[in-house]
Amino acid sequence: MTDLTTTIVALHREALLQRIETLKASSAAARQGTRVDGDHRPASRGERGAVTAQAALNAGLANRLADVEAALAQLEALPPGPRSRVAVGTVVHFEDDGTSRRVAILPGGAGDRLDTPVGSVTVVSGISPLARALAGLEAGDDAVWERRGEEHELEVLSVG
């Protein structure tokens, strides 16, 4: 990995760790809403609905937590070393219809923007439409990316 890629991976790792802590705290709060004290049973439809909604929220948060933890494990397992072709674990500098952009293709990428020494870098997952359009390309290659029903011409400037 290049120094820039290493920096971006470290920033993304920190963002995932923070997301995990937030999800754990939210899940604990939702779990508290599902507790019924002692022998008390929810007496009204509203109480039952509130307990059911909190349980559903907790289940959704647990699923999201598992996804983020899996993404963190995949991030840790990325092979070291520079790459010349676009793949998961690379930072791609490209032009999108004449506008210079950088994206990091990393597990758990969800369009987050990271402030880096070279400016803003957007983190996307390997299954995002942009990552799929860039997959396998090298510096100097061109591609077409469809976004919001419009085709955009991409030119890969560098892969790191």
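The values are calculated or read from the model by the stated rules, or taken from the named source; none is laboratory data. Computed from a predicted model, the values in this text were never measured in an experiment. A quick note on method: Cβ atoms are made from the backbone with ideal geometry, for glycine too, and the neighbour counts reach across all protein chains shown.
Out of V118, V159, V123, which single residue is crowded, with 17+ Cβ neighbours inside 10 Å, touching a residue at least 24 places away in the same chain (Cβ under 8 Å) and closer than 30 Å to T22 by Cα? Of V118, V159, V123, the one residue that is crowded, with 17+ Cβ neighbours inside 10 Å, touching a residue at least 24 places away in the same chain (Cβ under 8 Å) and closer than 30 Å to T22 by Cα is V123.
Does the range 73-86 hold any residues that are at pLDDT 95 or above and closer than 14 Å to G126 by Cα, and which are they? Across the range 73-86, the qualifying residues are Q74, L75, R85, V86.
Take the conditions surrounded by 11 or more Cβ atoms within 10 Å (Cβ to Cβ) and among the polar types (S, T, N, Q) and apply them to T99. Does it pass? It is false that T99 is surrounded by 11 or more Cβ atoms within 10 Å (Cβ to Cβ) and among the polar types (S, T, N, Q). Residues that are assigned to a loop (DSSP other than H, G, I, E, B), at pLDDT 95 or above and not β-branched (V, I, T) do occur in the range 140-156. A count restricted to the range 127-156 and to residues that are within 12 Å of V91 (Cα to Cα) and either in the same structural domain as L72 (by TED's automatic domain parsing) or touching a Leu at 6+ places or on another chain (Cβ under 8 Å) (or both) stands at 3. Restricting attention to the range 50-72 and to residues that are touching a Pro at 6+ places or on another chain (Cβ under 8 Å) and over 15 Å from G126 (Cα atoms), the residue that is surrounded by the most Cβ atoms within 10 Å (Cβ to Cβ) turns out to be V51.
Every condition in (1) closer than 30 Å to A29 by Cα; (2) in contact with a helix residue (DSSP H, G or I) (Cβ under 8 Å, 6 or more places away or on another chain); (3) at pLDDT below 95; (4) not in a strand (DSSP E or B) holds for G60 except the one numbered (2). When we screen A10, A30, A25 for residues that are surrounded by 13 or more Cβ atoms within 10 Å (Cβ to Cβ) and at pLDDT 75 or above, the only hit is A30.
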